[in-house]
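First comes the structure, then the notes that go with it.
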Amino acid sequence: MKKLAVIGQYGTGPKYLTGQAVKTVFITDWMKRRYGEDQIEIVNTYGWKKHPVRLVRSIAKAMKDCSNVMIFPAPHGVKVFPSLVSALNRFYRKRTFFIVIGGWLADFLKKHGHIRRATKKFYGVCAETKSLVEDLKAIGIDSSWYLPNCRDYVEIPTTKDIKEPLHVCTYSRVTKTKGMADAVQTVRKANVILGKDVFFLDVFGAVDGSYKDDFEKLCEENKDVMAYAGTRNADQTLETLKDRFALLFPTYYEGECFAGTVLDAFLSRTPIIANDWKFNSEVIRDREDGFLYPFRNTDEAAGILVSLYRDPGLYERIQEGCKESAVKYSSDVVLQQLADKMI
């Protein structure tokens, strides 16, 4: 009997750049290191709609062969996989875990009673924020508990090569509600305050198809202060961010929860300047390990960026706070809690 079956998008490369896929790969790889690769069975759900029967057979086999089962469903997958796994578990009686990615699950389950009933049957429903745990328990998901996002801790130098123009960046999916236009305005306004072109914006991430035309127009109209820098795999994140002066996170995406980009900022010791939206204030300690500004107030965001530029002492204090939070949210601290609940 193997230790764990993983059901989710598993792989690397451009088609695996969503938060769901990155988290699935990350937790699975940690479990491989903890228990050995031969103890982990993976059912990759990427493109599952093209071969649904084969996928059901693969899930059934994995559940039969493993003591524990984890699912990592995205918004479309949550319509299928909790109900399917709960139904199959009537026969296999395994310990099942629903790893929640994003902050949308409670609202979704309020509208879909049959999926809520299936979710209640999971041994553990692991949510990224304490607020989401409370919301899930309020609708009867009593097995929900707090499992924050995490990253492998790495000790790195905090000294950055400060040469103008200073490159700041966004590091997320490139969509309208991830705040790309707000990021550009923040950089442009900061340069106006300083009276010179100090900052330049690099945009990293996969461009959403529905936003492609608008984003290309945004880049063209602001090419003096921004450029699209392409995508990066998860193993390239630290190298990409460690030389950036700051990370902008102007998101107002409805499904935002404990965003991985916040952890990336902590780990790379790169001050994050984030819109005070959804659960960001639960994760970011304002003026200790990053900054929060009022909802979509790019004037405030620009002011923070200028303050970091003018005050090296402030910059160093934020970097120290980043290090503290990187330790707090390290994989060996967080995921051991998950491993302790497995059989």
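The values are calculated or read from the model by the stated rules, or taken from the named source; none is laboratory data. Source: prediction; values computed, not measured. Don't worry about glycine lacking a Cβ; one is built from the backbone with ideal geometry, like all the others, and counts go over all protein chains shown.
Things to note:
- For region 92-110, filtered to residues that are free of Cβ contacts under 8 Å to residues at least 40 places away in the same chain and touching a Phe, Trp or Tyr at 6+ places or on another chain (Cβ under 6 Å), the residue that is surrounded by the most Cβ atoms within 10 Å (Cβ to Cβ) is Phe98.
- Contact map, region 238-264: first residue among the basic types (Lys, Arg), second residue assigned to a loop (DSSP other than H, G, I, E, B) and at pLDDT 95 or above, Cβ cut-off under 6 Å, separation 6 or more or different chains; pairs are Arg244/Thr270.
- Residues (among the β-branched types (Val, Ile, Thr) and in a strand (DSSP E or B)) located in region 198-209: Val203, Val207
- Residue check, Val69 surrounded by 19 or more Cβ atoms within 10 Å (Cβ to Cβ), touching a residue at least 24 places away in the same chain (Cβ under 8 Å) and touching a helix residue (DSSP H, G or I) at 6+ places or on another chain (Cβ under 6 Å): yes
- Comparison of Lys94, Lys79, Lys111, Lys23 shows that the only residue that is touching a His at 6+ places or on another chain (Cβ under 8 Å), within 22 Å of Val125 (Cβ to Cβ) and of a type outside the set (A, V, I, L, M, F, W, C) is Lys79.
- Ala206 falls short of the stated requirement of being crowded, with 19+ Cβ neighbours inside 10 Å and not assigned by TED's automatic domain parsing to the domain that holds Ile101.
- Matching option when the condition is surrounded by fewer than 16 Cβ atoms within 10 Å (Cβ to Cβ), free of Cβ contacts under 8 Å to residues at least 60 places away in the same chain and not in a helix (DSSP H, G or I), among Lys212, Lys223: Lys223
- Of all residues making up region 233-253, the number that are buried (at least 18 other Cβ atoms within 10 Å of the Cβ) and over 24 Å from Ile304 (Cα atoms): 1
- Residue list for region 229-243, filter: over 18 Å from Thr18 (Cβ atoms) and either part of a helix (DSSP H, G or I) or of a type outside the set (A, V, I, L, M, F, W, C) (or both): Leu238, Glu239, Leu241, Lys242, Asp243
- Exclusive hit being more than 26 Å from Val25 (Cα to Cα) and crowded, with 18+ Cβ neighbours inside 10 Å, set Ile284, Ile273: Ile273
- Tabulated pairs, region 278-289, first at positive phi, second of a type in the set (Phe, Trp, Tyr), C-beta under 9 angstrom, 6+ apart or interchain: Lys278/Tyr252; Lys278/Tyr253
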